[in-house]
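Asks: My structure is below; once you've seen it, I'll send some questions.
Derivation of every value follows stated rules applied to the coordinates shown; laboratory data play no part. Computed from a predicted structure; not experimentally measured. All Cβ positions, glycine included, derive from the backbone under ideal geometry; neighbour counts span all protein chains shown.
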Amino acid sequence: MSFFLPHLENGWQVDQAILSEEERVVILRFGHDWDAVCMKMDETLYRVADRVKNFAVIYLVDITQVPDFNKMYELYDPCTVMFFFRNKHIMVDLGTGNNNKIAWAIEDKQELIDIVEVVYRGAKKGRGLVVSPKDYSTKYKY
């Protein structure tokens, strides 16, 4: 479903997407369109795009085509989702220890909508860190 979502082709477009959006959360998915994890995440992002369009905008960034942010945002995972609001990175406490990004595919669209909603509400209040409605520390049950 990545072909339905807008792609940012270079670092300038990524910067402009983050800088120019004043009222909505900017969701950036860093990764590759051909990666299986990204395909699952793109499917979920596409399914929620219409529901969150009033308070969030979604963009896809290929980390090979746009390597400018790989070191800055530590983009080592195959698929990474990050949130920005008014040129500020919004961190999400998911219970995993890494609050900067979501590094796995969320397949339940309601889960993703809930996370985006929490990010938007917290960002509107000026918070830089919000707590996820679901704890992902026990995602893998060993």
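Asks: Assign unit charges at the C-beta atoms only (+1 for Lys and Arg, -1 for Asp and Glu), then state the dipole size of the chain relative to its Cα centre in Debye, rounded to the nearest 20.
Replies: Values: 18 positive and 21 negative charges, 117 e Å.
Computed about the Cα centre, the dipole is about 560 debye.
Asks: Name the residue from 87, 58, 17 whose Cα lies farthest towards the positive end of the charge dipole of the chain, charges +1 on Cβ of Lys and Arg and -1 on Cβ of Asp and Glu.
Replies: Going by the Cα projections, it comes out as 87.
Asks: Report the far tail of the P(r) of the range 10-57, meaning the percent of Cα-Cα pairs longer than 14 Å. Working shown, then result.
Replies: Numbers: 650 of 1128 pairs.
Within the range 10-57, distances greater than 14 Å cover 58 percent of Cα pairs.
Asks: Could you put 33, 108, 42, 77 in order, starting from the residue whose Cβ has the fewest other Cβ atoms within 10 Å?
Replies: Fewest-to-most ranking of 33, 108, 42, 77: 108, 33, 77, 42.
Asks: Same structure again: If you keep only loop residues by DSSP, which GluC sites (Glu not before Pro) in the range 85-132 have at most 14 other Cβ atoms within 10 Å of their Cβ?
Replies: Values: sites: 107, 111, 117; in loops: 107.
Passing both the DSSP loop test and the Cβ count: 107.
Asks: Out of 6, 102, 120, whose Cα points farthest toward the positive end of the dipole of the range 2-131 (charges: +1 Lys, Arg; -1 Asp, Glu; placed on Cβ)?
Replies: It is 120.
Asks: Please compute, for the alpha-carbon atoms of the range 61-141, the extent along each of the three principal axes and give them in descending order in Å.
Replies: Answer, in whole Å and largest first: 35, 33, 22 Å.
Asks: For the pairs 40/124; 53/88; 40/88, note any where the Cα-Cα span goes beyond 22 Å.
Replies: Listed pairs above 22 Å: 40/124; 40/88.
Asks: Now for a separate question. Tell me, what is the Rg over Rh of the chain, with Rh the Kirkwood radius over Cα pairs? The partial results should precede the final answer.
Replies: Values: Rg = 13.9 Å, Rh = 15.0 Å.
We get a ratio of 0.92 for the chain.
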